[in-house]
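Asker: I have a structure here, written as structure tokens, and I will follow up with some questions on it.
The values are calculated or read from the model by the stated rules, or taken from the named source; none is laboratory data. Keep in mind it's a predicted model, so treat the numbers as computed, not measured. Cβ atoms come from the backbone with ideal geometry, glycine included; neighbour counts cover every protein chain shown.
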Amino acid sequence: MNKFKKSLLTALIFAGLNLTAHSEKFQLPPSDVDLVGMVRQVPAPHEKTLYEIGREYGVGYDAMKNANPNVDMQLPNPDGSDVKVLVPTRYILPNNVPRDGIVINLPEMRLYYFPPDKQSVYVFAVGIGREDWASPVGVHKITAKTPNPTWTPPASIRAEHAAKGDILPAVVPAGPDNPLGLFAMRLSAQGYLLHGTDKPDGVGMRVSHGCIRMYPEGIEELFQMATVGTKVTIIKQEMKIGMYGDELYLEYHPPISEDNISPETAMHRAIERVHQEAAKHGWTVEEDLIRAVVNEASGMPVAVSYSTGVNAPAGNSPMQENAPINQPNETIPKLESADDGENLAHTELP
């Protein structure tokens with residue numbers, strides 16, 4: 001790849017990151033590039049938890065934990081020393097899925113929004129369904145949008161809470177203490193929503209009754225952009241492979257537990273798939289790196305191949321702080337109003 005093209009790709013990949021804790025917005029890269037963003041190494045203030053640091057960048061709980069396995073989530077910097085932590089904000093875009101509408105990848109607990117302009121992609125952290133309340137895989141769509149929703153908890157959820165001594169009302173009124181948050185979007189999968197939350201520390205974890213939870217600031221932003229009829233594709237890709245320049249990258253997340261993917265099966269699948277992709281380009285695979293990526297399941301992309309006859313590239317570890325942003329983020333206009341859907345009641349599962 002010539003220097004000009006690689007510089008252009010770098011500009012596109014690192015362009016447009018907006019640290020508003022709403023979402024990260026990137027220019028959509030060329031079709032032969034699958035990576036966006038960069039991994040950051042940032043100071044850990046003495047008074048902040050690792051979760052709080054992640055939220056500043058729109059990153060969820062488990063993503064921060066997996067990227068910093070030896071760091072205490074509650075006290076990443078207990079003595080106020082010069083401690084830095086990783087913020088995993090470099091992503092391989094979902095594989096073999098149209099870059100259209102909303103794509104939610106359950107293992108990485110991340111939502112990608114591809115607006116109709118086909119020029120950009122927004123990335124949000126999400127919380128997903130627990131093992132006994134799995135989020136619905138498949139292709140759905142947004143059928144209604146409601147600001148300030150009320151919540152009518154189903155009998156099963158009221159019984160679950162009652163067993164713990166927590167008596168839920170028949171209807172939870174709208175407001176900041178509502179489990180649906182201040183914005184909700186109904187999915188065509190009956191009973192499931194994309195919504196905010198009154199417990200944002202659960203974003204990036206498996207804590208819901210099947211719905212997709214978002215940070216309050218994240219759902220507000222997505223609510224303004226996504227319209228009724230927007231396609232919502234929910235997938236399970238614990239392993240993603242992506243191209244950048246002359247290298248193949250692998251990103252691996254802990255699989256969904258109820259899928260019962262053994263470590264041996266996970267390793268076999270990753271090695272086989274990386275070999276297949278690398279062979280298409282005549283590249284050599286760093287198999288030890290593949291094994292390390294799968295074993296660590298840090299959720300950060302790592303280069304695992306290089307061109308035949310060329311020494312393995314240095315400096316591509318996600319443990320390093322990457323280059324600065326090359327282009328400013330576009331300002332996203334706030335809509336004056338949003339589509340108002342029907343009152344969200346009956347079967348919503350927050």
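Asker: Hey, could you check segment 233-257 for residues that are among the acidic types (D, E) and in a strand (DSSP E or B) and say which is surrounded by the most Cβ atoms within 10 Å (Cβ to Cβ)?
Answerer: Checking each candidate, the answer is E251.
Asker: Sticking with this structure for a sec: Return a yes/no flag: does segment 146-154 have any residue that is within 21 Å of the chain's Cα centre (by Cα) and modelled with pLDDT of 95 or more.
Answerer: No: zero hits.
Asker: Identify, please: which residue in segment 204-233 is aliphatic (A, V, I, L, M) and closer than 10 Å to L194 by Cβ and is, among those, farthest from the chain's Cα centre (by Cα)?
Answerer: A226
Asker: Provide a single number: the residues in segment 285-294 that are at pLDDT 90 or above and either surrounded by 19 or more Cβ atoms within 10 Å (Cβ to Cβ) or among the β-branched types (V, I, T) (or both).
Answerer: Matching residues across segment 285-294 total 4.
Asker: Also, I was wondering about something else. Determine the pairs where a residue that is among the small types (G, A, S), located within segment 149-165, has a partner that is at pLDDT 75 or above with Cβ atoms under 6 Å apart, the partner being 6 or more residues away or on another chain.
Answerer: Sorted first by the residue in segment 149-165, then by its partner, the list stays empty.
Asker: Go through segment 162-189 and report how many residues are assigned to a loop (DSSP other than H, G, I, E, B) and either within 23 Å of the chain's Cα centre (by Cα) or within 18 Å of Y113 (Cβ to Cβ) (or both).
Answerer: 6
Asker: Can you tell me which residue is farthest from F223 (Cα to Cα) among those in segment 129-161 that are of a type in the set (D, E, K, R) and not in a strand (DSSP E or B)?
Answerer: E160
Asker: Would you say P94 is more than 23 Å from E220 (Cα to Cα) and under 14 Å from the mean Cα position of the chain (by Cα)?
Answerer: Yes, satisfied.
Asker: Of all residues being among the hydrophobic types (A, V, I, L, M, F, W, C), in contact with a strand residue (DSSP E or B) (Cβ under 9 Å, 6 or more places away or on another chain) and without any contact (Cβ under 8 Å) to a residue 60 or more places away in the chain in segment 71-109, which is surrounded by the most Cβ atoms within 10 Å (Cβ to Cβ)? Just the residue, please.
Answerer: V87
Asker: Here is a further query. Among the residues of segment 144-152, is there at least one that is in contact with a helix residue (DSSP H, G or I) (Cβ under 9 Å, 6 or more places away or on another chain), charged (D, E, K, R) and closer than 22 Å to K231 by Cα?
Answerer: Yes, some residue in segment 144-152 is in contact with a helix residue (DSSP H, G or I) (Cβ under 9 Å, 6 or more places away or on another chain), charged (D, E, K, R) and closer than 22 Å to K231 by Cα.
Asker: Another question, then. Output the residues belonging to segment 194-232 that are surrounded by fewer than 20 Cβ atoms within 10 Å (Cβ to Cβ) and of a type in the set (S, T, N, Q).
Answerer: Q224, T227 - these are the residues of segment 194-232 that are surrounded by fewer than 20 Cβ atoms within 10 Å (Cβ to Cβ) and of a type in the set (S, T, N, Q).
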